[in-house]
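Novice: I have a structure I would like to understand better, so I am pasting it below and will then ask my questions one at a time.
The values are calculated or read from the model by the stated rules, or taken from the named source; none is laboratory data. Since the structure is predicted, the reported quantities are computational estimates derived from the model, not experimental observations. Cβ atoms come from the backbone with ideal geometry, glycine included; neighbour counts cover every protein chain shown. Heavy atoms of the whole protein, side chains included, go into the accessibility calculation; ligands, DNA and RNA do not. Shrake-Rupley method; radii C 1.70, N 1.55, O 1.52, S 1.80 Å.
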Amino acid sequence: MVTSAKTVAKKPGVARQTPRVSIAVERTALAKRPLGRSQLKQYTDWDDGRPETELNFKFYRQPTDKIGGISEEAAAFLDGFF
């Protein structure tokens, strides 16, 4: 659970910068089963509407540390893992 979020100031003199955020999180549950790249790898039909495909796309298409929004369906799917 995200307990706080604050924007990080841009560095002066740098023309193009990605917006940055600093967050604090609190772990509220342990995972009951794994859900990583190997479990999501097979879901690559980007138009199938499955929550697994959405998570594969958002987590692993551009694998960098990031924060992003997910659909209600993907959130409900993730609830089954905690």
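Novice: What is the residue count in the stretch 36-82 for residues that are among the hydroxyl-bearing types (Ser, Thr, Tyr), exposed (fewer than 11 other Cβ atoms within 10 Å of the Cβ) and not in a loop (DSSP other than H, G, I, E, B)? Steps first, answer last, please.
Specialist: Here is the first cut: in the stretch 36-82, the ones among the hydroxyl-bearing types (Ser, Thr, Tyr) are 38, 43-44, 53, 60, 64, 71.
Of the ones still in play, those that are also exposed (fewer than 11 other Cβ atoms within 10 Å of the Cβ) are 38, 64.
Checking the rest, the ones that are also not in a loop (DSSP other than H, G, I, E, B) come to 38.
Here the count works out to 1.
Novice: Just to check your reading of the model, which residue among Ala29, Ala15 is touching a residue at least 12 places away in the same chain (Cβ under 8 Å) and out of contact with any His (no Cβ under 8 Å at 6 or more places or on another chain)?
Specialist: That would be Ala29, the only listed residue that is touching a residue at least 12 places away in the same chain (Cβ under 8 Å) and out of contact with any His (no Cβ under 8 Å at 6 or more places or on another chain).
Novice: Same structure, new question: In the stretch 20-29, which residues are more than 23 Å from Glu73 (Cβ to Cβ) and either open to solvent by 70 Å² or more (accessible area, probe 1.4 Å) or part of a loop (DSSP other than H, G, I, E, B) (or both)?
Specialist: Within the stretch 20-29, the first condition is being more than 23 Å from Glu73 (Cβ to Cβ), and the residues that meet it are 20-24, 26-27.
Those that are more than 23 Å from Glu73 (Cβ to Cβ) and either open to solvent by 70 Å² or more (accessible area, probe 1.4 Å) or part of a loop (DSSP other than H, G, I, E, B) (or both): Arg20, Val21, Ile23, Glu26, Arg27.
Novice: What residue, among those in the stretch 20-57 that are among the small types (Gly, Ala, Ser) and closer than 16 Å to Gly68 by Cα, is modelled with the lowest pLDDT? Break it down stepwise before answering.
Specialist: Of all residues in the stretch 20-57, those among the small types (Gly, Ala, Ser) come to 22, 24, 29, 31, 36, 38, 49.
Filter once more, so that each one left must be closer than 16 Å to Gly68 by Cα: 22, 24.
Working: Ser22: 92, Ala24: 95.
In this case the residue turns out to be Ser22.
Novice: Name the residue, out of Lys10, Lys6, Lys32, that is open to solvent by 100 Å² or more (accessible area, probe 1.4 Å) and not in a loop (DSSP other than H, G, I, E, B). Steps first, answer last, please.
Specialist: Values: Lys10 fails: not in a loop (DSSP other than H, G, I, E, B); Lys32 fails: not in a loop (DSSP other than H, G, I, E, B).
Just a single option satisfies the conditions, and that option is Lys6.
Novice: Kindly indicate whether Gln17 is at pLDDT below 90 and open to solvent by less than 100 Å² (accessible area, probe 1.4 Å).
Specialist: So Gln17 fits the description; yes.
Novice: Another one. Looking at the stretch 53-73, I want the residues that are over 18 Å from Val2 (Cα atoms) and have a partner that is at pLDDT 90 or above and outside any helix (DSSP H, G or I) with Cβ atoms under 6 Å, at least 6 apart or on another chain. Which pairs are those?
Specialist: From the stretch 53-73, the pairs are Thr53/Tyr43; Asn56/Tyr43.
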